[in-house]
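Pasting a structure here, questions to come.
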Amino acid sequence: MEIEKNYSILKACRFCPMCKHLCSSGNLTMHESDYPRGRGLIMYRIYKGEDFNPDYVNSLYNCFMCGCCLAGCEGNFDLPVLIKSARANIVLKKLEPGLIKNLKNNLIEKENIYGGDFEDSFTYKNESLGTPGGDIVYIAGHSINYKHFEIAQASLDFFIKAGLEFSLISREPDCGKALSLLGYANEAKEASLKFAKKINSMKIKKLVTSDPMVLDCILNDFKSFGAEINSGVEIMHFSEFADSITKNPAISFKKYNKKITVADSEFLCKKNNRCENVRNLIKKIAPDSFIELFRNKKEAYATGEAAFYQNGSLFRGGKELVGKISNDAAILGIKTIVTLSGTAKENLTAAAKQDIEVLDISEFLIKSL
Amino acid sequence: MKYDKNTYLYHMLLHELRDIVGDDFVTDNLADKVSYSVDYYWVSELWHDRGPKRIEPDFVIFPRSSEEISRIMVLANEYKIPVTVWGGGGGSQGGALPICNGIVIDMKRLNKVIDIDSQSMTVEVEAGIIMQHLEWELEKYGVSTMHYPASIYCSTLGGFVAHRGTGVLSTKYGKIEDMIISMEVVLPSGEIIKTLSVPKTASGIDLNWFFIGSEGVLGIVTKVKLVIHKIPEIRKFQAFLFKDLSDGLETGRKLMQEGLQPCVIRLYDEPETKSLLKRVLGIEKEGAYLVYAFDGKEKIVNLSHDYAKQIAVKLNGEDLGTETGEEWWLNRFKFFFPPYVFSLPQAFGTCDTVATYKDIEKIYNGMKKTVETNYPQARFIGHFSHWFMWGCMLYARFIIDNPPGDPGEALHLYNKIWDDVLRSALSNNGVLNEHHGIGIKIGRLMKEQYKNSFKLLQDLKKQLDPNNIMNPGKMGLGF
């Protein structure tokens, strides 16, 4: 059983409530079963031999996997890892909710959580913008490739302004992250192998993505899936890439004077310590008006990024979740919030006060050129 | 009375609860029932680990207002169904456990900051707010309640009021009861009352004192107005080591009584210095470790430190410096949480008490002797953490590394130690508890503590809650 393999993690949770104040899902629903402690208690019951029942299953699928709890835990209780293994158990027993099965089917059949057709995706429609054989491949990720075309467009516009050649994959494959988070370990492995094979066939030097989950998947999950991107290929979020090339004389920015901040990304900043590049970029453009939110970096409020699959059908709380970010921004007099993923932008746009603009980092850069 | 889910009466009640708060805010699902059957009380954790059967609520309800709570209480009286109030579930005495099943009212939706009055330096808050969330809000305005207990990350304001909680800075800023200006309370009957707009009046009996420390047996606190403070200019620490615990205690007493107003004094006995302090702070010293601090205007703080140092040195203290004290502050909560805190399979209890300076050392020695003489399988450690002009609090703990495997036997041994240790404290003018409360853990000893005055509490309970539906079985007030 997967939970048993992670017993040391389970044992690390002594059901103390030291992380309660940080939990995204618990502090939305207020149910004890939606806090890390409640989930720890439930998984302990499973470990002790109780069966999964629909209520336990729902609680375990309600976790946003944001990792906010990790900042509060001295005991190394890595709840997202444990939840993933619990979900793998649930899937093996074929007990996952119907909605999760539907998402899985979308991912297997259409390689995206929305179930959209390749022909409707940004990369399919805009493949001609890219130059095959270039050093850089741009990976949009699901939420951008099927919903937030404006982020992909802004990212590519930036490449073009910088005089850089890039390529797109018209039928952009799924990296497997979503399947892994949902508990479909075998399917995730297959997807990751297919993704790696495609990338490795392109002989690129850089993989640049607007989706922090893609980056996290390649850096942290691929090894366990048995997948590998060729060594020498640098994996970067768009913000890191943009930060690395802003010395390019072709790129100059006009100064931005309104108060501006960043809503940190769970997968980029909390999990992968890549918090500074977006700040470097913003400070280049708004040296006098960048302001940190009250809660930032490792202690930032979640933006709902990891709850991507709770795309309104399961998780109707996107607006409420990021409402705290928006409220704090309003107190600080902030006029622009920069985001780092499609999901974050979507949730914050829904929650933001009227006079606060929400822009992906790519959009902010293009606007400032 | 446990409601059978297979009966229509169960569903009649469920329907009425939904009618009050909405369908989305009542649950009887199994995941929640597990989660509300365990708090930080060791016995509930033991039972979760290896007890045969949990005690679970029938329903958990999430009201959004005092009015909804009022309607719930009216309904509960009609059905004669027990009601237990749950804040953050961080209590160690079992006070929030639904030991008679029934309804659990989870207070966390009542979490708004209603008003910050910067002229009067007060904040009015709904009682279901997690304390750290309140502090985050106040921080934005450069103020704080200065109420910093280890459970700040999970426990609610209402929970602290219910059991008279205290924080690390209580020595200067007071326990929670010292911070309260006024409250709103829902009585067991459902009536909503407000206490007077300010304390410190001569306008009759102060109603606040009926409900502070009443652990949910006399009513539900829904709103609290608290004192707030500006964040001080500086807070500076100093640490000392004493070969003799008595010298440490005397130092603490003098710090309190020489007009210096420290914000922190914490004195660890030798066993705790040797074990926990070594583990958490890496201090490898033998003796009793003392840390104290002053906060406020820098000049005054520095002057206070000069006077304090003189007191400690005169009483044979070895100066460990400011950094050692700062290190303690940075890690002040680590002691209470994994992996530093005791946890199953160990059995452990915190037998905190408070007494005058005349009695406290005698109480410490008595409790220590009780454990070490009668329970060779147990260890005893203690520290003195909350100080007053007249005395101080002892945070004593017993730890058994390998209690019996059978949960019933483990519970019996556990309770036996509690009984003996607390009776030792009572016999030396101590009390049952200083800031964790009574709950179900030590309710059985309340009559011994209060003697004939316990009847006053029983009569008050009967008057306010004639159906005994409000957190029954707690504080020794019966089922």
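The values are calculated or read from the model by the stated rules, or taken from the named source; none is laboratory data. Predicted model, so just to flag it, every value in this text is computed and none were measured. With ideal geometry, Cβ positions are generated from the backbone for all residues, glycine too; neighbour counts draw on all protein chains shown.
Of the residues B:S246, B:S214, B:S203, which single one is among the hydroxyl-bearing types (S, T, Y), at pLDDT 95 or above, more than 23 Å from B:Y148 (Cβ to Cβ) and more than 23 Å from the chain's Cα centre (by Cα)? Let's see the steps before the verdict.
On the way: B:S214 fails: more than 23 Å from the chain's Cα centre (by Cα); B:S203 fails: at pLDDT 95 or above.
Going through B:S246, B:S214, B:S203 in turn, just one is among the hydroxyl-bearing types (S, T, Y), at pLDDT 95 or above, more than 23 Å from B:Y148 (Cβ to Cβ) and more than 23 Å from the chain's Cα centre (by Cα): B:S246.
Continuing with this model, one more query. Whether any residue in the range B:374-384 is of a type in the set (S, T, Y) and crowded, with 20+ Cβ neighbours inside 10 Å is what I want to check.
Looking through the range B:374-384, none of the residues is of a type in the set (S, T, Y) and crowded, with 20+ Cβ neighbours inside 10 Å.
Moving on to the next point. Quick one: A:M18 ticks every box in (1) in a helix (DSSP H, G or I); (2) surrounded by 24 or more Cβ atoms within 10 Å (Cβ to Cβ); (3) within 8 Å of another protein chain (Cβ to nearest Cβ) except a single one, so which number is it?
For A:M18, the failing item is (1).
OK, next. Out of everything in the range B:6-27 that is touching a residue at least 40 places away in the same chain (Cβ under 8 Å) and not hydrophobic (A, V, I, L, M, F, W, C), what residue ends up being farthest from B:E78 (Cα to Cα)?
B:Y10
Here's a follow-up. State which residue pairs qualify: first residue outside the structural domain of B:R50 (by TED's automatic domain parsing) and inside the range B:399-412, second residue among the basic types (K, R) in any location, beta carbons under 7 Å apart, and separation of 6 or more residues or different chains.
B:I399/B:R379; B:P407/B:R50
Any idea which residue in the range B:117-141 is nearest to B:Y40 (Cα to Cα), counting only those that are surrounded by fewer than 18 Cβ atoms within 10 Å (Cβ to Cβ) and within 12 Å of chain A (Cβ to nearest Cβ)?
Looking at residues that are surrounded by fewer than 18 Cβ atoms within 10 Å (Cβ to Cβ) and within 12 Å of chain A (Cβ to nearest Cβ), I get B:W136.
Would you point out the residue of the range B:214-240, among those that are in contact with a strand residue (DSSP E or B) (Cβ under 8 Å, 6 or more places away or on another chain) and of a type in the set (D, E, K, R), that is surrounded by the most Cβ atoms within 10 Å (Cβ to Cβ)? Let's see the steps before the verdict.
From the range B:214-240, those in contact with a strand residue (DSSP E or B) (Cβ under 8 Å, 6 or more places away or on another chain) are B:216-240; that's our starting set.
Next cut, of a type in the set (D, E, K, R) only: B:223, B:225, B:230, B:233, B:235-236.
Working: B:K223: 21, B:K225: 23, B:K230: 12, B:E233: 12, B:R235: 16, B:K236: 20.
Within the range B:214-240, the match that is surrounded by the most Cβ atoms within 10 Å (Cβ to Cβ) is B:K225.
Counting only residues that are more than 12 Å from chain A (Cβ to nearest Cβ), out of contact with any Phe, Trp or Tyr (no Cβ under 8 Å at 6 or more places or on another chain) and part of a strand (DSSP E or B), how many does the range B:85-115 have?
Matching residues across the range B:85-115 total 3.
Can you tell me which residues in the range B:271-300 are farther than 30 Å from A:E74 by Cβ and either touching a Phe, Trp or Tyr at 6+ places or on another chain (Cβ under 8 Å) or modelled with pLDDT under 95 (or both)?
Matches in the range B:271-300: B:I300 only.
Answer yes or no as to whether B:L315 is touching a Phe, Trp or Tyr at 6+ places or on another chain (Cβ under 8 Å), more than 14 Å from chain A (Cβ to nearest Cβ) and not hydroxyl-bearing (S, T, Y).
yes
Let me ask you something else. Could you check A:K101 against (1) in contact (Cβ under 8 Å) with a residue 40 or more places away in the chain; (2) farther than 25 Å from A:S210 by Cβ; (3) assigned to a helix (DSSP H, G or I) and say which number it fails?
Exception for A:K101: condition (1).
Can you give me the number of residues within the range B:130-185 that are of a type in the set (S, T, N, Q), assigned to a helix (DSSP H, G or I) and touching a residue at least 24 places away in the same chain (Cβ under 8 Å)?
Residues flagged as of a type in the set (S, T, N, Q), assigned to a helix (DSSP H, G or I) and touching a residue at least 24 places away in the same chain (Cβ under 8 Å) within the range B:130-185 amount to 3.
Keeping to the range B:2-16, report how many residues are assigned to a loop (DSSP other than H, G, I, E, B) and over 36 Å from the mean Cα position of the chain (by Cα). I'd like the intermediate steps shown before the answer.
As a first pass, look at the range B:2-16 and keep what is assigned to a loop (DSSP other than H, G, I, E, B): B:2-7.
If we keep only those that are over 36 Å from the mean Cα position of the chain (by Cα) too, we end up with B:6-7.
Qualifying residue count for the region: 2.
Count, please, the residues in the range B:26-46 that happen to be facing chain A (nearest Cβ under 9 Å) and in a helix (DSSP H, G or I).
7
Now for a separate question. Give me a count of the residues in the range A:22-49 that are within 11 Å of chain B (Cβ to nearest Cβ) and touching a Cys at 6+ places or on another chain (Cβ under 7 Å).
6
What are the residues in the range A:50-78 that are farther than 21 Å from B:V280 by Cα, crowded, with 24+ Cβ neighbours inside 10 Å and either within 10 Å of another protein chain (Cβ to nearest Cβ) or at pLDDT below 85 (or both), if any?
Scanning the range A:50-78 gives A:Y56, A:S59, A:L60.
Can you pull out every residue in the range B:415-431 that is within 20 Å of the chain's Cα centre (by Cα) and within 18 Å of B:P345 (Cβ to Cβ)?
B:N415
Quick check: anything in the range B:245-257 surrounded by fewer than 23 Cβ atoms within 10 Å (Cβ to Cβ) and part of a loop (DSSP other than H, G, I, E, B)?
no
Hey, can you tell me all the residues within the range B:325-340 that are free of Cβ contacts under 8 Å to residues at least 60 places away in the same chain and facing chain A (nearest Cβ under 7 Å)?
B:K334, B:P338, B:P339
Would you check if A:S24 is surrounded by 21 or more Cβ atoms within 10 Å (Cβ to Cβ), touching a Leu at 6+ places or on another chain (Cβ under 9 Å) and not in a helix (DSSP H, G or I)?
So A:S24 passes the test.
OK, next. Filter the range B:142-184 down to residues that are within 13 Å of chain A (Cβ to nearest Cβ) and small (G, A, S), then give me how many there are.
5
Quick check, is B:F335 at pLDDT below 90 and in a helix (DSSP H, G or I)?
Judged against the criteria, B:F335 is a match.
So, one more: In the range A:153-191, what residues are under 19 Å from A:D117 (Cβ atoms), among the small types (G, A, S) and surrounded by fewer than 19 Cβ atoms within 10 Å (Cβ to Cβ)?
Scanning the range A:153-191 gives a single hit, A:S170.
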